[in-house]
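The values are calculated or read from the model by the stated rules, or taken from the named source; none is laboratory data. What you are looking at is a predicted structure, and each value in this text was computed from that prediction instead of being measured. Heads up, the Cβs are rebuilt from the backbone with ideal geometry, glycines too, and the neighbour counts pull from every protein chain shown.
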Amino acid sequence: MSFRPRHFFLFALAVLLAFATVLPASADVLATVKQRKSLLCGVDPGLVGFATVDDQKHWSGFDADYCRAIAAAVLGDAGAVTFVPLTARERFKAVQSGAVDVLVRNTEWTMARDTAFGLTFVGVTYYGGQGFMVHKGLGVGSALQLSGAKVCVERGSDTEVAVASYFKKHGMSYVPVAVDGDSQRSAYERGLCDVFTGDTIDLYEQRLLLAAPDDSIVLPELITKEPFGLLVANGDQRWQAIVHWVHFALLDAEELGISAANVDALRASDDSDVRQLLGADGSLGKALGLDAGWAANAIKAVGNYGEMFDRDLGKGSRLQIPRGLNALWTDGGIQFAPPVR
């Protein structure tokens with residue numbers, strides 16, 4: 001039987017109803033976390049650069065660092081985190097049910113997810129999207145130079161549609177080489193295509209798995225928008241604000257030159273913005289139900305946003321992902337945080 005529009009509507013409605021549970025308006029996540037003395041943080045079961053666990057059960061990565069920053073701000077202890085690995089299928093229900101206090105798991109912010117599931121995105125930690133990886137021998141440095149190239153695409157996927165749209169938009173031709181998802185890297189490595197397309201995070205990881213990683217580059221262009229966000233359940237505005245402002249504090253810290261190494265010394269700074277962020281002046285933490293040093297604790301635990309990015313994803317990591325859109329607004333990117341004042 002064919003999959004008619006009516007069937008799709010009924011399927012979509014069933015999905016929405018399945019995710020309809022929300023926390024009650026009286027929920028107090030902060031009190032629960034403090035009583036438990038641990039933050040339940042939902043993460044990917046294993047994504048290089050974002051969340052991976054070693055044989056000693058130690059989690060590392062960009063998302064794992066965000067979990068630690070929130071724990072440090074709320075509990076004064078970056079180690080007070082219980083990491084909860086979640087599949088894509090499990091993640092939203094885990095937030096709704098309270099199985100996790102926050103989801104920090106390479107989850108794309110979309111309108112449907114922000115409005116239909118009883119959940120709220122409270123900040124974009126990483127701006128990503130679909131891109132292209134090419135053999136250096138192809139001699140191109142931009143996706144706009146790919147006219148006529150053979151492009152490996154996953155058969156029947158959204159990436160296939162996005163590639164067709166991008167090439168049409170820019171008046172370029174290409175030769176699609178349709179393969180199953182698991183065989184894309186193999187087809188690319190065997191020279192069946194010049195270009196490997198997919199989410200750029202996946203491309204940087206796949207590049208490491210090639211026999212000769214240095215012979216391939218990921219081009220700078222993004223052809224889709226995939227902002228990854230921090231996600232909490234509806235019903236607790238204070239908890240939403242806490243997670244929101246921990247993210248902003250890490251960004252503001254980078255802009256103000258506050259790092260894990262100098263955070264203690266800068267409490268005595270003459271800069272009023274620095275002093276307020278670090279809790280030396282004012283009482284902004286009270287509005288969140290936190291100690292005055294909430295932001296300082298987070299920064300001391302994991303560093304500022306730039307330190308986290310460089311260590312887990314950028315120049316200090318195996319992935320070597322450029323900052324790009326994730327650079328601060330003062331440095332050509334779009335990461336921008338309201339001031340903590």
Within region 142-156, can you find the residues that are touching a strand residue (DSSP E or B) at 6+ places or on another chain (Cβ under 9 Å) and closer than 13 Å to residue 131 by Cα? 143, 146, 151, 152, 153
Tell me which residues, restricted to region 308-341, are farther than 19 Å from residue 206 by Cα and among the hydroxyl-bearing types (Ser, Thr, Tyr). 330
Under 7 Å between Cβ atoms, at least 6 apart or on separate chains: pull out the pairs that start in region 60-85 with a residue that is within 17 Å of residue 297 (Cα to Cα) and in the same structural domain as residue 107 (by TED's automatic domain parsing) and end on any residue that is polar (S, T, N, Q) and assigned to a helix (DSSP H, G or I). 72/297; 73/297; 76/297
It is to be established whether one or more residues within region 105-114 are at negative phi, aromatic (Phe, Trp, Tyr) and buried (at least 22 other Cβ atoms within 10 Å of the Cβ). no
If you scan region 261-281, which residues turn out to be small (Gly, Ala, Ser) and buried (at least 16 other Cβ atoms within 10 Å of the Cβ)? 269, 279, 280
Of 166, 204, the only residue that is more than 26 Å from residue 297 (Cβ to Cβ), crowded, with 16+ Cβ neighbours inside 10 Å, in contact (Cβ under 8 Å) with a residue 60 or more places away in the chain and not assigned by TED's automatic domain parsing to the domain that holds residue 105 is 204
Considering region 201-249, residues that are under 22 Å from residue 187 (Cα atoms) and assigned to a strand (DSSP E or B), and then whichever is farthest from the chain's Cα centre (by Cα), we arrive at 216
Subset tally (residues that are surrounded by 18 or more Cβ atoms within 10 Å (Cβ to Cβ) and either at positive phi or not in a loop (DSSP other than H, G, I, E, B) (or both)) for region 39-51: 7
Within region 288-328, how many residues turn out to be assigned to a loop (DSSP other than H, G, I, E, B) and not hydroxyl-bearing (Ser, Thr, Tyr)? 18
I want to confirm something. Restricting to region 305-335 and keeping residues that are β-branched (Val, Ile, Thr) and surrounded by fewer than 16 Cβ atoms within 10 Å (Cβ to Cβ), which single residue is farthest from the chain's Cα centre (by Cα)? 330
Search region 268-297 for residues that are aromatic (Phe, Trp, Tyr) and pair each with any residue that is assigned to a loop (DSSP other than H, G, I, E, B) when their beta-carbon atoms are under 8 Å apart and the residues are at least 6 apart or on different chains. 294/279
What number goes with the only condition from (1) under 25 Å from residue 200 (Cα atoms); (2) out of contact with any helix residue (DSSP H, G or I) (no Cβ under 9 Å at 6 or more places or on another chain); (3) hydrophobic (A, V, I, L, M, F, W, C) that residue 265 does not pass? (1)
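Which count do you get for residues in region 157-185 that are under 24 Å from residue 106 (Cβ atoms) and in contact with a strand residue (DSSP E or B) (Cβ under 8 Å, 6 or more places away or on another chain)? Show your work before the answer.
Of the residues in region 157-185, the ones under 24 Å from residue 106 (Cβ atoms) are 157-163, 165-166, 179-185.
Okay, now just the ones that are also in contact with a strand residue (DSSP E or B) (Cβ under 8 Å, 6 or more places away or on another chain), so 159-160, 162-163, 179-181, 184-185.
Adding up the residues that qualify gives 9.
Yes/no per residue for (1) modelled with pLDDT of 95 or more; (2) not aliphatic (A, V, I, L, M):
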| site | (1), (2) |
| --- | --- |
| 13 | no, no |
| 23 | no, no |
| 32 | yes, yes |
| 40 | yes, no |
| 61 | yes, yes |
| 68 | yes, yes |
Unmet criterion (only one of (1) among the hydroxyl-bearing types (Ser, Thr, Tyr); (2) at pLDDT 95 or above; (3) surrounded by 17 or more Cβ atoms within 10 Å (Cβ to Cβ)) for residue 147: (3)
